[in-house]
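The values are calculated or read from the model by the stated rules, or taken from the named source; none is laboratory data. Keep in mind the model is a prediction, meaning the values are calculated, not measured. Every residue, glycine among them, receives a Cβ derived from its backbone with ideal geometry; neighbour counts consider all protein chains shown.
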Amino acid sequence: MSRETRKYVTVALSGDGGDELFGGYRSYLGPYWYRTYTMVPAVFRHAFFERLVMSLPDSRDTPWTEFIRRVKKFIKGTRGLPEERCLSLKEIFPYPIRQRILCRDHRAANDPALLLIQRRLGEWGRDGLNAMMYADVVDALPGDMLNKVDWMSMKNSLEVRVPILDHRVVEFAFQIPGRWKLHRGVTKYLLKETFRDILPRRLYRRPKAGFEVPISRWLRNDLKFLVERYLARGRIEDQGIFDHEVIDGLVQAHFQKRTDTSWMLWNLIVFQYWFDKYYG
């Protein structure tokens, strides 16, 4: 995108920050619907609905299985303390897997991911939705979103500016209660209402679309060789960092289409590539 944009302009504007400041991600809907969901009798939720949903296969490959995957993630986000619920909506590796995937010599006494989210939420206050957005602003934006934009734009001699992250906009956004940003479950409600008369109606009604690639399908087909190369038993055991039985369980679950573990596998592959490059 940076390469193609540079053919026409030298400076571009990015919308980064809009989701984090005004509630654009689906993960923010977890706390929003939490109260409503917990009003349903626990017997019905646990004994029937959750048991049924968790027994269904999920993946990113079809709209139906993607819906099941999201419902499962929501269910996991209704359990535990606020910080545990918040983390479960954002994590790639669920806590039970994080506990087991490292060899015993590399396991931490406390969950570092949970400690980080506890600290971030504690820096904000009682507004749970704004606390989640704040955590993304101080962690995900500089560590991920802005980083990749900066790398790719500068690689193509394109200057990208981020007007939504002007400090005055950021400060103003966090003076607004979180519940206003997800009015009746509509993400980025304030932004959409503010510019309703300026932007085309089709943009107002268009569902959110990210930049995800079909990694789930690729790892079963075109990129299967990466799984076989980087997550092979001998390689993992010689390295001595991960428990191969856990990794093999993730691989089997994905290839048998029981549940979508593609992003876990992809992160492991990327780590292995990085490890080989700098420590191999």
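Quick notes on this structure:
- In the range 180-189, the condition of being in contact with a helix residue (DSSP H, G or I) (Cβ under 9 Å, 6 or more places away or on another chain), hydroxyl-bearing (Ser, Thr, Tyr) and assigned by TED's automatic domain parsing to the domain that holds residue 127 is met by at least one residue.
- Test result for residue 22, in the same structural domain as residue 166 (by TED's automatic domain parsing) and surrounded by 12 or more Cβ atoms within 10 Å (Cβ to Cβ): yes
- Tally of residues being in contact (Cβ under 8 Å) with a residue 24 or more places away in the chain and assigned to a loop (DSSP other than H, G, I, E, B) across the range 1-35: 10
- Residue within the range 31-39 that is within 16 Å of the chain's Cα centre (by Cα), of a type outside the set (Val, Ile, Thr) and closer than 23 Å to residue 161 by Cβ present: no
- Members of the range 158-177 found to be more than 23 Å from the chain's Cα centre (by Cα) and crowded, with 17+ Cβ neighbours inside 10 Å, listed by number: 158, 160
- Residue 194 satisfies every condition listed in (1) in the same structural domain as residue 73 (by TED's automatic domain parsing); (2) surrounded by 13 or more Cβ atoms within 10 Å (Cβ to Cβ); (3) of a type in the set (Val, Ile, Thr) except (2).
- Test: residue in the range 148-157 that is assigned to a loop (DSSP other than H, G, I, E, B), closer than 30 Å to residue 32 by Cβ and either more than 18 Å from the chain's Cα centre (by Cα) or not assigned by TED's automatic domain parsing to the domain that holds residue 16 (or both): no
- Checking each residue in the range 61-83 for being under 15 Å from the mean Cα position of the chain (by Cα) and surrounded by fewer than 17 Cβ atoms within 10 Å (Cβ to Cβ) picks out 66, 70, 71.
- Those helices (runs of 4 or more DSSP H) of the range 205-280 in which 2 or more residues are under 17 Å from residue 98 (Cα atoms) and within 23 Å of the chain's Cα centre (by Cα) occupy 244-255, 262-279.
- Residue match in the range 205-224 (condition: farther than 25 Å from residue 64 by Cα and of a type in the set (Gly, Ala, Ser)): no
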